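Below is one structure, written out as structure tokens; comments come after it.
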Amino acid sequence: MDKATTSDGTVGKALELLDRVAEKKRPVRFTELLAGSPHPKATLHRLLQTLLSQEMLSYDRERQTYSLGLRLVTLAHAAWRQSSLAPIARPFLDALAARLGETIHLAQLDNGQVLYLDKRNAADPIEMFSQAGKTGPGYCTGIGKAMLAFLPDEQRRMAIQQQGYFAHTHHTITNASALSDELAIIREQGMAFDREEHETGIICVAVPILSHKGRPIGGLSLTSSTQRAALADLHKFVPILHEQAQEISSAAEHWQFPFP
């Protein structure tokens, strides 16, 4: 169902419009927004004016383009501090990256998808999709599967149905049944792998960061490439990842934040 049809009144429409501007990844003209909008021209103009007055959008009169406003930057920083595991995990990520010299990711679940919170590049960086602030698929990333596997049963079933199952590579899981089977194995083993499922040549091992009640509050992964490591080589990092995941969990024990 289109997001616009499920939006909650004016607030929902305004947020949907912000999403559309963000998706462009550049300043956008009114005509572009109108072309992809479910709203009449007058409604769209009214929404834009409201967002401008609240500094959620900014307008370049010379170029006649809209872009995301600085107020969103302030809100994003506040959300990062209040609702993100990143500030608590930062020193642990620094230590882990220095110790291992590999790419380290920290993430949380967002409606069944992976929200990358923080990243430490390897000593010899690898080009890849993930960046802090980006959202990636849950079903074909190691860190996504590590978190999905430990969701409570009903939430896990819902999250499995939320996946897109696009075949990014020849190794991608492309149906709910196969994902459900793999998540069961991950729950038994306590770790997950990305076997070039999201990006060709990119492999990773990941573990969940669990609360004292066993609920996933985040995920931790180590990523490499097939040019310098085999999947079997990543097994040796699992105990270290588990150790750091437990440390992060303990540090976050008294921290209040929304569960996925």
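Couple of notes before you dig in:
- Pair list, Cβ under 8 Å, 6 or more apart: the range 54-75 residue in contact (Cβ under 8 Å) with a residue 24 or more places away in the chain, other residue crowded, with 17+ Cβ neighbours inside 10 Å and β-branched (Val, Ile, Thr): LEU57/VAL21; THR65/VAL28; TYR66/VAL21; TYR66/VAL28; SER67/VAL21; SER67/VAL28; LEU68/VAL21
- Remark: pairs (first residue in the range 235-247, closer than 12 Å to ILE104 by Cα and assigned by TED's automatic domain parsing to the domain that holds ALA107; second residue among the aliphatic types (A, V, I, L, M) and assigned to a helix (DSSP H, G or I); Cβ separation under 6 Å; 6+ apart in sequence or on different chains) = GLN244/LEU96.
- ALA167 part of a loop (DSSP other than H, G, I, E, B) and either basic (Lys, Arg) or at pLDDT 95 or above (or both): yes
- The sole residue among ALA97, ALA107, ALA132 that is modelled with pLDDT of 90 or more and in contact with a Phe, Trp or Tyr (Cβ under 6 Å, 6 or more places away or on another chain) is ALA107.
- Beta carbons closer than 6 Å, at least 6 apart along the sequence or on distinct chains, pair a first residue in the range 155-166 that is of a type in the set (Gly, Ala, Ser) with a second that is outside any loop (DSSP other than H, G, I, E, B) for ALA159/LEU148.
- Condition met for LEU115 (assigned by TED's automatic domain parsing to the domain that holds ALA206 and either touching a Cys at 6+ places or on another chain (Cβ under 7 Å) or of a type outside the set (Ser, Thr, Tyr) (or both)): yes
- Residue check, SER84 touching a strand residue (DSSP E or B) at 6+ places or on another chain (Cβ under 6 Å) and in a loop (DSSP other than H, G, I, E, B): yes
- Scanning the range 118-138 finds no residues that are buried (at least 20 other Cβ atoms within 10 Å of the Cβ), of a type in the set (Val, Ile, Thr) and within 17 Å of the chain's Cα centre (by Cα).
- Some residue of the range 189-205 being over 28 Å from PRO125 (Cα atoms) and in the same structural domain as HIS105 (by TED's automatic domain parsing): yes
- The listed residue being out of contact with any strand residue (DSSP E or B) (no Cβ under 9 Å at 6 or more places or on another chain) and at pLDDT 95 or above, out of ARG156, ARG228, ARG195: ARG156
- Failed item, numbered, when GLY138 is tested on (1) free of Cβ contacts under 8 Å to residues at least 12 places away in the same chain; (2) in contact with a helix residue (DSSP H, G or I) (Cβ under 7 Å, 6 or more places away or on another chain): (1)
- Subset of the range 96-123 [in contact (Cβ under 8 Å) with a residue 60 or more places away in the chain, of a type outside the set (Lys, Arg) and farther than 28 Å from GLN163 by Cα]: LEU96, LEU100, GLU102, ALA122
- Scanning the range 17-66 for residues that are of a type in the set (Val, Ile, Thr), more than 23 Å from LYS134 (Cα to Cα) and surrounded by 12 or more Cβ atoms within 10 Å (Cβ to Cβ) yields THR43, THR50, THR65.
- Annotation note: of LEU47, LEU18, the sole residue that is modelled with pLDDT of 90 or more, in contact with a helix residue (DSSP H, G or I) (Cβ under 6 Å, 6 or more places away or on another chain), over 30 Å from ALA123 (Cβ atoms) and not in a strand (DSSP E or B) is LEU47.
The values are calculated or read from the model by the stated rules, or taken from the named source; none is laboratory data. For clarity, every value in this text was computed on a predicted model and none was experimentally measured. Virtual Cβ from ideal backbone geometry, glycine too; neighbours counted across all protein chains shown.
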